[in-house]
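Everything below concerns the one structure shown next.
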Amino acid sequence: MHSDSAVIFDVDGVLLDLTAAEEDAFFWAFEKLHRLTGLSRDWDSYRTRNDEDIITEILEGHFGRAPSPAEHKAVIETYLAHLTQGIEARRLVPEPIEGAATLLASLGGRTTLGVATANLIEAAAARLAACGLWEPLKDTGFGANGGGAKREILARAMARLGLPRDRIVFIGDNLNDVAAGLGNGVHFIGFSLDEEKCRRLAAAGAQRICNHHQDTLKHIEDALKI
Ligand SMILES: [Mg+2]
């Protein structure tokens, strides 16, 4: 759809609630291929919060050298296969954030929708599709693929959109999302169900904060005048 504005969503914490089983699928690949266990589940403990970069960092730590492209690719393929098979078999059940489907439906046809996530886009797509949320987002779907911080991932989405910065809203739940939004000069909405996280988003410079997608819709309409 051609539109003069866009809303780009972070995925985890905004559209989906990242489940432990989904997290396990990522780390399972390291155990399966390299017998690596006990890896940090704190995504902020890695150099860059980006699946591709985290795979590189973990393999570097394990091998004591940079992983080869084939070694890196094997982790990605093992993770994606395990995740998608788990979703198909319903061993993994992605969970939408309350109100996410209604929000996307309310925005449909009024503005371009997309995602900028630190998850591999194939994984995010499979998880969103399982919740019936991928279709409206798929034309502007940007993920960890290609590496880099959220600011760079959002910049790739913006390059695809080709819209003025003030016609774009980005919604995220982490401090790296605030940095991405403010650093790229777009409207930023901080969204979290967690009160303390909302406070941290505000302290980092987020001027619009909400904890329910009814409010997210109001902020989007106000920011974009749609
Ligand atoms: Mg998030």
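The values are calculated or read from the model by the stated rules, or taken from the named source; none is laboratory data. All of these numbers come straight from a predicted model, not from anything done at the bench. We place every Cβ from the backbone using ideal geometry, glycine too, and count neighbours over all the protein chains shown. Surface accessibility is based on the protein's heavy atoms, side chains included, excluding ligands, DNA and RNA. Shrake-Rupley method; radii C 1.70, N 1.55, O 1.52, S 1.80 Å.
Length available on full extension from R156 to R90: 0.36 nm per residue minus the Cα-Cα distance, which gives 20.5 nm. Near the amide H of L113, within less than 5 Å, lie the amide hydrogens of V7, all on another chain or at least 5 residues away, with H placed in the peptide plane.
Checking every one of the GluC sites (Glu not before Pro) in the range 50-119 against DSSP loop status and a limit of 14 other Cβ atoms within 10 Å picks out E98.
Rounded to the nearest angstrom and listed largest first, the equivalent-ellipsoid semi-axes of the chain from its Cα gyration tensor are 30, 18, 17.
Backbone amide hydrogens, once placed in the peptide plane, bring E95 within less than 5 Å of D17, T19, excluding anything fewer than 5 places away on its chain.
Per-atom-type breakdown for the chain gives carbon and sulfur 49% of the accessible area (1.4 Å probe, protein chains only). Helix content alone sets the calculated 222 nm mean residue ellipticity of the chain: runs of n ≥ 4 DSSP H residues at -39500 (n - 2.57) each, divided across all residues, give -15000 deg cm²/dmol. Backbone N atoms of the range 170-192 closer than 11 Å to the 7 Å Cα→Cβ label point of L163 belong to residues 170, 187. Legend: calculated FRET efficiency, D42 to D4, from the Cβ-Cβ distance at R0 = 45 Å, rounded to 0.05, equals 0.70. Ligands, DNA and RNA are left out, and with a 1.4 angstrom probe the accessible area of the range 20-88 is 53 Å² per residue.
For the peptides 146-154, 172-180, 200-208, the ranking by packing is 172-180, 146-154, 200-208, with the highest mean count of neighbouring Cβ atoms within 10 Å listed first. For the range 20-88, the relative contact order works out to 37 percent when only alpha carbon pairs closer than 8 Å and six or more residues apart are counted.
Dividing the mean sequence gap of close Cα pairs (under 8 Å, 6+ apart) by how many residues the chain holds gives a relative contact order of 25 percent. Label sites at K225 and L33, each approximated as a point 7 angstrom past Cα along Cα to Cβ, lie 5.0 nm apart. The trypsin sites (Lys or Arg not before Pro) found in the range 36-125 that occupy coil by DSSP, while having at most 14 further C-beta atoms within 10 Å, are R41, R47, R65, R90, R91.
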